1. For a quick check of your reading: which strands (runs of 3 or more DSSP E) sit entirely within segment B:1-119 and have at least 3 residues that are open to solvent by 20 Å² or more (accessible area, probe 1.4 Å) and either under 30 Å from B:M273 (Cβ atoms) or modelled with pLDDT of 60 or more (or both)?
2. Can B:Y583 be described as away from chain A (no Cβ under 14 Å), modelled with pLDDT of 90 or more, touching a helix residue (DSSP H, G or I) at 6+ places or on another chain (Cβ under 9 Å) and not in a loop (DSSP other than H, G, I, E, B)?
3. Of all residues in segment B:434-452 being outside any strand (DSSP E or B) and of a type outside the set (A, V, I, L, M, F, W, C), which is least open to solvent (accessible area, probe 1.4 Å)?
4. Of all residues in segment B:264-296, count the ones that are over 18 Å from B:I364 (Cα atoms), touching a Ser or Thr at 6+ places or on another chain (Cβ under 6 Å) and at pLDDT 80 or above.
5. Give the number of residues within segment B:438-461 that are over 16 Å from B:A503 (Cβ atoms) and of a type in the set (G, A, S).
6. Only one of (1) under 28 Å from B:D151 (Cβ atoms); (2) open to solvent by 30 Å² or more (accessible area, probe 1.4 Å) fails for B:I280. Which number is that?
7. Which condition number does B:T427 fail, the rest of (1) more than 14 Å from chain A (Cβ to nearest Cβ); (2) of a type in the set (S, T, Y); (3) open to solvent by 70 Å² or more (accessible area, probe 1.4 Å) being met?
8. Looking at segment B:462-479, which of its residues are within 14 Å of chain A (Cβ to nearest Cβ) and either without any contact (Cβ under 8 Å) to a residue 12 or more places away in the chain or surrounded by fewer than 17 Cβ atoms within 10 Å (Cβ to Cβ) (or both)?
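The values are calculated or read from the model by the stated rules, or taken from the named source; none is laboratory data. Only a predicted model underlies this, so the values are computations on that prediction, with no experimental measurement involved. Here the Cβ positions follow ideal geometry from the backbone for every residue, glycine too, while neighbour counts run over all protein chains shown. Quick note on the areas: whole protein, heavy atoms, side chains included, nothing else; ligands and nucleic acids left out. Shrake-Rupley method; radii C 1.70, N 1.55, O 1.52, S 1.80 Å.
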Amino acid sequence: MRFLQFIFAILSAVLLTGCVEIIDDLTLNSDGSGCFKYNVNLSSSKIKINSILALDSLDGKRVPSLDEMKQKITSLHEKLKLQPGISNAKLEADYTNFIFKFSCDFASIEDLQYAIKLIAISENKGKPIPELDHKWLIFSGTHLERSVPKITLKKSKQITAKDQLKLKEGTYTSITRFDKEIRAFNNDSAKLSTNKKAIMLRTDTYSLVQNPRLLDNLIDLKQ
Amino acid sequence: MKTLATLFSVLIIFAVNGQKPEELIPQEAISVFSLNNINLLQKISLDELVQYEFMEEIQQEIFDGSTAQKTIKESGIDFNQKLNIFIGRTANYDVTGLTFGIENRKEFFTVFDDFKSAKSPYPEVDIYTSYFNRIAISGNSGILFRVIPKDFRVTAITDSIWEALGHTPEWYNEESFTEYELEVISEELTIEEAFEEAEHNPSEKTYLELRDSVDLSMQEKTVKAICDDLFIHKNMLINQSPEFKNQLKSATEGTFYMDNSKGFQNENTFDFMRSVHPQIYTQFEKLYTGNLMLGSIHILDHEIQFKLDAQYGEKIGAVYEELTDAKFDKNILPYIHQNNQAFFTYNLNLRNAYEKVTEILLPILSESKSREIAALVLVVELMDEYLNKDALFASYKGSLFGTFNGIQKIKTKKFIWEYDEENYDYTEQEVEAEEDMPIFVVGFSTDRNDIMYKIMKFNSQFYSETHDMGEYYMIDNAILNTAPLYIINKNNLFIYTNDENLAKTHSNGYGDASITKKKIKKAMKGGAVYAHVDLSKAVEELPEELFNTQQNQIVNVLRGKSGVFELTSSKTSNTGTTFSMNYKFEGEYTNSGTYLLDLINSLYVISK
């Protein structure tokens with residue numbers, strides 16, 4: 001749980017700086033292999049981030065130094081590179097504009113999920129994280145089920161009005177690409193690309209924090 | 001008659017044995033806030049009260065559901081007695097707490113319901129405990145306090161026992177946690193996890209368990225010593241400090257007492273000097289003797305006045321007198337905008353102070369038989385001979401000013417991702433953006449713009465981020481790696497600002513838009529320090545991210561309030577300076593108590 005708490009603490013801090021733009025971009029081939037990209041763009045909050053980094057603590061919590069953040073991000077990247085079924089793991093980190101782009105290829109969706117789970121457990125000092133037993137991606141070749149693990153996040157009552165505003169300024173975009181055309185999907189908020197091979201879900205970070213299941217989708221591909 | 005006699009006997013017993021709240025303040029107290037007129041607080045809810053830092057620290061375990069929807073009036077506290085909040089410090093521990101009168105014990109313990117009665121070794125004194133907190137009640141007065149042993153003392157004792165038990169020193173253990181990791185673990189260790197770790201070897205204490213035991217033992221020992229002093233030896237602050245005793249006679253709503261000399265004695269940073277150079281330490285200790293801060297709080301209609309007398313020993317006072325022997329620098333006036341939201345001026349004479357410091361300190365240091373100290377004295381004497389002090393102190397005289405001109409949008413760059421609707425591929429685009437930035441001007445007085453020019457000329461020639469723009473200099477991305485910093489070096493001032501408008505179009509000052517002499521009259525005629533803050537304008541706009549936790553605690557209590565805060569100081573003599581803080585608030589307000597608590601909390605946070 002400690003790892004999840006750490007991740008959520010980081011996420012909360014990032015999301016609350018306002019104007020964060022996050023893209024998760026999953027490309028799936030028919031054989032189950034693919035590419036996963038995760039991009040975080042905080043360039044429109046440079047001043048806020050730099051001012052937070054200049055502090056020792058904020059709201060009673062210690063603020064990590066830029067060097068500590070760099071070490072942590074690099075260490076996570078190094079760990080991912082070593083996971084079975086994962087190849088071509090890349091990290092582009094721009095600490096001036098605070099843009100982070102991560103990508104890796106995977107042999108199967110199970111490998112990707114297993115790799116993420118192993119790293120999380122390793123960061124949790126080897127203790128299991130039951131939340132990660134949930135399979136958030138299930139792919140059969142023509143059918144993808146995407147669901148977010150059941151995670152308890154801060155409810156709106158606990159988020160101040162000021163923080164709500166900041167969260168509403170941020171965006172989260174989830175893109176899923178296939179080498180076949182999409183036949184149907186069940187999330188009404190999703191939008192199909194013109195070539196019908198990619199589907200996009202966009203939401204603001206406040207709504208996502210309130211209901212992570214906004215990104216759930218069942219997608220059927222043409223044979 | 002019998003009943004009357006009994007009643008008289010009881011009253012006599014209370015008169016003889018019962019101590020007043022101010023008589024329960026431990027001698028270790030360095031700072032004390034005494035509220036004489038606590039009637040002001042009656043309407044404040046307990047839930048509101050516990051939000052303050054000075055209450056939270058003492059009573060974090062106490063206030064739970066028992067305070068819900070209750071006011072202080074319903075807490076059993078006697079509003080006819082003083083309420084004192086104290087912070088104490090010694091070389092080995094800190095002690096913080098409250099002393100107060102009790103009118104109704106039943107109501108009192110309805111609020112403080114976590115406390116359990118404990119055996120009292122003191123006649124006529126009842127003791128109650130809850131976790132690390134203690135309440136001692138003598139007659140109708142009580143003290144609620146907590147003792148926190150100094151971390152490094154606990155560690156030193158624990159290490160010593162740990163090694164004596166045959167263990168490897170903890171600092172030598174490669175697997176020992178870093179300070180940060182330890183902090184994270186101690187914060188997040190669940191009860192189950194703690195048991196899991198304990199099960200590792202239940203018959204033997206781990207290092208952390210041993211440390212906890214040492215900590216607890218030190219607490220118990222200290223609590224006993226404090227109680228012995230209060231209830232047996234009568235060694236309390238009021239008997240130790242005639243100044244404190246005298247101050248309590250004040251008819252004002254509240255008083256503030258701070259003994260800086262005690263702070264010096266208990267400051268651990270002087271441990272080295274204390275043990276290696278005891279004679280020098282004794283001399284320094286003498287310098288600090290009599291260094292006291294005595295404050296009084298007056299509450300008027302829509303106004304709180306806080307007056308603080310800083311008293312010094314003669315020698316330290318002589319240094320302060322010389323340091324503040326500076327005239328107001330009128331050159332700064334054009335650079336303070338009339339619509340500023342806050343500004344301060346600080347008039348100092350470093351040259352005079354330097355001469356006085358060397359006059360006082362060098363003889364003390366010269367007495368030392370230590371080679372290192374003698375070498376230090378020699379270096380100072382040689383520098384004094386060879387350095388061009390005229391040039392040095394003309395370049396930086398010591399006087400400063402600063403203004404906060406509100407939040408403005410400044411231009412920055414950001415990146416966005418643009419999507420191709422065909423396949424949702426995206427590309428990165430750099431676009432113009434705006435971010436909020438607090439605008440400030442900070443400058444110091446100089447008689448040698450020519451010397452500052454030489455430094456800036458070098459910087460602009462050899463550092464690519466520094467540009468000579470003619471009337472000003474610009475340093476790229478100097479503010480939070482995002483916005484430029486402008487430097488103006490003219491008119492006997494050296495100014496830093498992020499106000500583009502000031503640098504580019506008003507490098508000689510804001511002209512007609514500058515502050516009027518009338519508005520700054522008090523700063524010009526007062527002592528060394530002056531500050532003016534328009535709370536309704538300034539505080540709301542200040543971003544939290546710019547301040548650390550402690551600073552935010554002070555700023556946050558002022559948020560949502562309107563009015564003007566003004567700090568003035570008198571001319572400094574060799575025995576003291578008087579500072580006056582006036583807080584005039586406007587519009588509707590529930591009661592002065594809230595404003596009073598805000599002030600106390602700010603003082604508490606500052607003096608911690």
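1. Numbers: elements: B:29-35, B:83-89, B:93-101, B:116-118.
Correct list: B:116-118.
2. no
3. Checking each candidate, the answer is B:T446.
4. 2
5. Result for segment B:438-461: 1.
6. So B:I280 meets the others, but not (2).
7. Single failed check for B:T427: (1).
8. Residues satisfying the conditions are B:E465, B:D476, B:N477.
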